[in-house]
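Read through the structure below, which is laid out as structure tokens, and then see the notes.
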Amino acid sequence: MATATATRPAPRKEDGPKKAKRTFRPRTLVITACAWLLAAIFLAPYLEMIVTALRPKDELRDRTYLPKDLEWANFIDVWKESELGQNLQVTLLVAGGATLLVLLVSLPAAYYTARMRFRGRKLFLLLVLVTQMFQPTALLVGLYREFHQLDMLNSVWTLILTNAAFNLAFAVWILTAYISSIPPELEEAAMVDGTSRFGAMIKVTLPLALPGVVTAVIFTFITSWNEFVMGLTLTTQPDKQPLTVGINNFIGNYTVQWNYLFAASVVAIVPVIVLFAFIERHVVSGLTAGSVK
């Protein structure tokens, strides 16, 4: 007697997770379009700078946006026929030295101001804020006479000292706000375990205050990198001038070497863009330091 064997239906494959369809709201489209428009407006001068840096001399007055031929030799010529290499070296020394000097002075000052409630603390912070309002041009004549009497004109140390002085107030202010937002109980716990106050500051507070430190570093470095007035006044020798002043030398009394001017400008902005791209996330968190406790 044949027995009928029941055939089981083949197991159905489970459907994978359904992809949610993206729905674009009109408000989102408008915001996105506005963001791209603003980005294009801000990037247009940089694109024009790069295009002009690659133009041959005979196409500088053409109305076409893109040149017919790309003259990459402009970057080589501007490096060989000018003091651009020396100017770049001076700017690196000035920006790096000023940043290091600002950190060495602002970190102890900000830590003491944030942790100690000494008499005149509010007045000290007010004076720090007031000094930030002084423009270098307002003190230009006095600084020139002082460094002239000290025989310190055309010196890298002069530019380092002036740039550090004008950026020190911001560094103290931002670091004080950030260190104040760090609970002091963390340092007290480290000191209970046998660590000194200085050791607690180095091992506990400083790593937690890293975003604020990075903010002070990038602000001081970029400000010193872009400084022009002091470099133009306190240096007269072409090989002792910073990069911003060296670029200005391509502007003559009767002619302007636009291709070399923009080629040097491209060289000047590349290091800052690379530096900012690496530590941008730390800058954003550091600028909001102390806003919420």
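Other residues with beta-carbon under 14 Å from the beta-carbon of Thr255 carry, at +1 per Lys or Arg and -1 per Asp or Glu, a net charge of +2.
Using a Förster radius of 22 Å, what is the FRET efficiency between Ile202 and Phe124 based on their Cβ-Cβ separation? Nearest 0.05, please.
The formula returns an efficiency of 0.40 here.
Which value in Å is the Kirkwood Rh of segment 53-139 over different Cα pairs? With all distinct Cα pairs of segment 53-139 included, I get 18.2 Å.
Given labels modelled 7 Å from the Cα in the Cβ direction, how far is it in nm from Val229 to Tyr65? My value for the distance between the label points is 3.7 nm.
Accessible area per residue for segment 79-232 is 55 Å², calculated with a 1.4 Å probe on protein heavy atoms, without ligands, DNA or RNA. Among complete DSSP H helices in the chain, those whose alpha-carbon atoms stretch at least 27 Å along the helix's long axis and whose mean Kyte-Doolittle hydropathy reaches -1.0 are 26-53, 84-115, 156-180, 258-287. Scanning the chain for GluC sites (Glu not before Pro) lying in DSSP loops with no more than 12 further Cβ atoms inside 10 Å, the longest uninterrupted stretch between such sites is 82-293. When the convex hull of its Cα atoms is viewed from all sides, the chain shows a mean projected area of 34.0 nm². Here the accessible area is traced with a 1.4 Å probe on the protein chains. For segment 118-234, carbon and sulfur cover 69 percent of it. With R₀ fixed at 22 Å, the C-beta to C-beta distance from Val141 to Gln237 puts the FRET efficiency at about 0.60. State the number of lysine pairs found in the chain whose Cα atoms come within less than 26 Å, restricting to pairs 8 or more positions apart or on distinct chains. Close lysine pairs found across the chain: 7.
The values are calculated or read from the model by the stated rules, or taken from the named source; none is laboratory data. If you're wondering where the values come from, they're calculated on a predicted model, not measured in any experiment. Positions of Cβ are backbone-derived with ideal geometry, glycine not excepted, and every protein chain shown enters the neighbour counts. The protein model used for the area step is the full one, side chains on, heavy atoms only, and it has no ligands, DNA or RNA in it. Shrake-Rupley method; radii C 1.70, N 1.55, O 1.52, S 1.80 Å.
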